[in-house]
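Let me begin by presenting the structure, written as structure tokens, before commenting on it.
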């Protein structure tokens, strides 16, 4: 009914680091892109239509940048949590192994 479970904590740790690095890269790229986009803020012109377009653009871009920023932050948190899971699993496996060795030593 049950199969052995093999958890590769090293692979989990490597994946956690990769996820964290992806989140950091996304945050950096987003900041760079935002700087480039903000430099174009005057492109709408000063007339009534340009002002309306600039207002709409500002609302939409703020929501988009906030969403992407939240996603970048979430990736970092996911990576940290995954690393914590890997560390906790390793610690539990070590403690269980040590307990069984102690038990076997006391029986033998």
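Scanning segment 22-46 for residues that are in contact (Cβ under 8 Å) with a residue 12 or more places away in the chain and under 23 Å from residue 82 (Cα atoms) gives 22, 23, 24, 26, 27. Checked against the criterion of being modelled with pLDDT of 90 or more and loosely packed, with under 10 Cβ neighbours inside 10 Å, the candidates 36, 17 yield just one match: 36. The sole residue among 49, 53 that is part of a helix (DSSP H, G or I), without any contact (Cβ under 8 Å) to a residue 12 or more places away in the chain and surrounded by 14 or more Cβ atoms within 10 Å (Cβ to Cβ) is 53. All of (1) within 30 Å of residue 7 (Cα to Cα); (2) surrounded by 10 or more Cβ atoms within 10 Å (Cβ to Cβ); (3) at pLDDT below 90 hold for residue 72 with one exception: (3). Take the conditions (1) surrounded by 14 or more Cβ atoms within 10 Å (Cβ to Cβ); (2) free of Cβ contacts under 8 Å to residues at least 40 places away in the same chain; residue 12 misses just one of them, which is (2).
The values are calculated or read from the model by the stated rules, or taken from the named source; none is laboratory data. Quantities reported herein were computed from a predicted structural model and do not represent experimental measurements. Positions of Cβ are backbone-derived with ideal geometry, glycine not excepted, and every protein chain shown enters the neighbour counts.
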